[in-house]
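We did not get these values from a lab; they are worked out from the coordinates using the rules stated. Keep in mind the model is a prediction, meaning the values are calculated, not measured. Please note: Cβ atoms are built from the backbone with ideal geometry, for glycine as well, and neighbour counts cover all protein chains shown.
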Amino acid sequence: MPARKKSSSRSRGRKYGKGAQKTVASAMRRKKSGTLRSGKGGKGGKVKSRKQAIAIGLSEARKKGAKVPSKKSSSSKAA
C-alpha cells in the first residue's frame, strides 16, 4: 500500500494570512497599553473590549490588503 501524504489542516483553507495576524497582534498590544481608540481617525473613546480590539485589527488588515475574509452582512437590518 503506498504511503499517503499528510496534508496539514492548518495550511489548507486558511482564513487569515500572516499579515492579518500581525496587524491584530499590534492592535491587541495597543489595547493593552491603552493607546487603541475607536472611531474614525481615533477620535472615539478608549477601547476596553477584547473583541472590539480584534475587530479594529482586522479592519486595519483589510485596509492594508491582507488576506482577511470580508465582513458578514447582517440580515436583521432588512427587517
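Within the stretch 22-41, the set of residues being within 18 Å of Arg62 (Cα to Cα), of a type outside the set (D, E, K, R) and part of a helix (DSSP H, G or I) comprises Thr23, Val24, Ala25, Ser26, Ala27, Met28, Gly41. Of all residues in the stretch 22-45, which are surrounded by fewer than 16 Cβ atoms within 10 Å (Cβ to Cβ) and within 10 Å of the chain's Cα centre (by Cα)? Within the stretch 22-45, Lys22, Ala25 qualify. Among residues of the stretch 43-56 that are in a loop (DSSP other than H, G, I, E, B), those with a beta-carbon under 6 Å from a residue that is surrounded by 11 or more Cβ atoms within 10 Å (Cβ to Cβ) at least six positions away or on a different chain give the pairs Gly44/Arg37; Gly44/Ser38; Val47/Lys31; Val47/Leu36; Val47/Ser38; Val47/Ala53. Among the residues of the stretch 46-62 satisfying the criterion of being more than 11 Å from the chain's Cα centre (by Cα) and not hydrophobic (A, V, I, L, M, F, W, C), which is nearest to Gly19 (Cα to Cα)? Per the criteria, the residue is Arg50.
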